[in-house]
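Undergrad: Got a structure for you, written out below as structure tokens; questions coming shortly.
What follows is calculated from the coordinates using simple rules that are stated; it is not laboratory data. Bear in mind that the values here come from a model prediction, so they are computed numbers and not experimental data. Cβ sites come from the backbone with ideal geometry, for glycine too, and all protein chains shown count toward neighbours.
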Amino acid sequence: QKEVEQDPGPLSVPEGAIVSLNCTYSNSAFQYFMWYRQYSRKGPELLMYTYSSGNKEDGRFTAQVDKSSKYISLFIRDSQPSDSATYLCAMKGSGNTGKLIFGQGTTLQVKP
Amino acid sequence: EPEVTQTPSHQVTQMGQEVILRCVPISNHLYFYWYRQILGQKVEFLVSFYNNEISEKSEIFDDQFSVERPDGSNFTLKIRSTKLEDSAMYFCASSDLAGSYTGELFFGEGSRLTVL
């Protein structure tokens, strides 16, 4: 079983739609859960992180973590064409080495 | 807004040659990282670096790889004898202490390495 699994898509939605992106993982030691956005030929850019289980909201973005199911989600409300990018989930355990385990990334296209 | 800068943006080299990829982390960050992404694959951790020492390295980071902070601003990744399978996008990242725990890393735009 892969440590972090993410459907690569592509996912195509109309402008204004609610988008749901998901990852599953197998390592119960993961404590921090992140969502990064990567535009074509650019580096990953952090959207938000969550510690342990729960929800976190930032504007149109909501991250959810369910540690009991080893499942994390990112919801994008009122999606915009500028949201078109690859979304990477990433996870890490405790400690300060900054070692992130990334998912494959889901490519999202928001059509005007 | 402060950013991580990487040079070169693209380097083409012959198999067996040495390559040095350079990074200028965000100025008040003390934790530095290299990641790589082979085309179509996941972003993979290579190494983390703090206080002039490697904090952690992955299995990928074997003896042909080395990192150095030669001065107060640069952070470099050296590949001693490149192989075809080293062709990838290499990302430098940096963080402060909190980010090293929470995963708030700031990535550069990457250096694309092509080994022929």
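Undergrad: Just how far, in whole angstrom, is region A:1-41 from region A:67-93 if you go by their alpha carbon centroids?
TA: 5
Undergrad: Using a 10 Å cut-off around each Cβ, can you sort B:D63, A:D83, A:D66 from fewest to most neighbouring Cβ atoms? Walk me through the numbers on the way to the answer.
TA: Numbers: B:D63 7, A:D83 19, A:D66 13.
Exposure proxy ranking, most exposed first: B:D63, A:D66, A:D83.
Undergrad: Taking every alpha carbon pair in chain B, what does the distance histogram look like in 10 angstrom bins from 0, in percent?
TA: 15, 50, 30, 5
Undergrad: How many percent of the alpha carbon pairs in region B:1-65 exceed a separation of 19 Å?
TA: In whole percent, the share of Cα-Cα pairs in region B:1-65 beyond 19 Å is 44.
Undergrad: Additional query: Which of B:S94, B:F75, A:S40 sits farthest toward the positive end of the charge dipole of the protein assembly as shown, with +1 on the Cβ of Lys and Arg and -1 on the Cβ of Asp and Glu?
TA: Checked the options; the winner is A:S40.
Undergrad: Measuring from a point 7 Å past the Cα of B:L39 along Cα-to-C-beta, which residues in region B:74-93 have an amide N at less than 19 Å?
TA: In region B:74-93, the label zone of B:L39 (backbone N under 19 Å from the point 7 Å along Cα→Cβ) covers B:82-91.
Undergrad: Taking neighbour counts of Cβ atoms within 10 Å as a proxy for exposure, in what order, fewest first, do B:T102, B:T5 appear?
TA: Numbers: B:T102 21, B:T5 14.
Fewest to most other Cβ atoms nearby, the residues stand as B:T5, B:T102.
Undergrad: Hey, fewest Cβ within 10 Å first, where do B:I20, A:I18 land in order?
TA: Ascending number of Cβ neighbours within 10 Å: A:I18, B:I20.
Undergrad: If you don't mind, there's one more thing I want to ask. Working out 0.36 nm times the residue gap between B:N51 and B:D96, then minus their Cα-Cα distance, what length gain in nm do you get to one decimal? Working shown, then result.
TA: Details: separation 45, 0.36 × 45 = 16.20 nm, distance 1.23 nm.
Going from the current span to full extension adds 15.0 nm.
Undergrad: At each listed q (0.09, 0.10, 0.11 Å⁻¹), what is the log10 of I(q)/I(0) that the Debye formula gives for the protein assembly as shown modelled as equal alpha-carbon point scatterers?
TA: -0.36, -0.45, -0.54
Undergrad: Taking the Cα centre of region B:1-59 as the origin, how large is its charge dipole in debye, to the nearest 20, when only Lys and Arg (+1) and Asp and Glu (-1) carry charge on their Cβ atoms?
TA: 140
Undergrad: Rounded to a whole number of µm²/s, how large is the Stokes-Einstein D of region A:39-78 at 4 °C and 1.567 mPa s, given Rh as the Kirkwood radius over C-alpha pairs?
TA: Numbers: Rh = 11.3 Å.
For the chosen part, D equals 114 µm²/s.
Undergrad: Tell me, what is the percent relative contact order of chain B, built from C-alpha pairs under 8 Å that lie six or more residues apart?
TA: 38
Undergrad: In µm²/s, what is D for region A:29-96 at 10 °C and 1.306 mPa s, where D = kT/(6 pi eta Rh) by Stokes-Einstein and Rh is the Kirkwood radius from Cα pairs?
TA: Estimated diffusion coefficient is 126 µm²/s.
Undergrad: If you take the Cα Rg of region A:1-57 and divide it by 2.2 N^0.38 Å, with N the number of residues, what do you get?
TA: 1.30
Undergrad: Could you size up the charge dipole of the protein assembly as shown around its Cα centre, putting +1 on the beta carbon of Lys and Arg and -1 on that of Asp and Glu, and report it in debye to the nearest 20?
TA: Dipole of the protein assembly as shown, to the nearest 20 debye: 280 debye.
Undergrad: In the structure displayed, which of A:K92/B:K78; A:K56/B:K57; A:K2/B:K83; A:K2/A:K92; A:K2/A:K56; A:K56/A:K99 lie more than 24 Å apart, Cα to Cα?
TA: Table pairs above 24 Å Cα-Cα are A:K92/B:K78; A:K56/B:K57; A:K2/B:K83; A:K2/A:K56.
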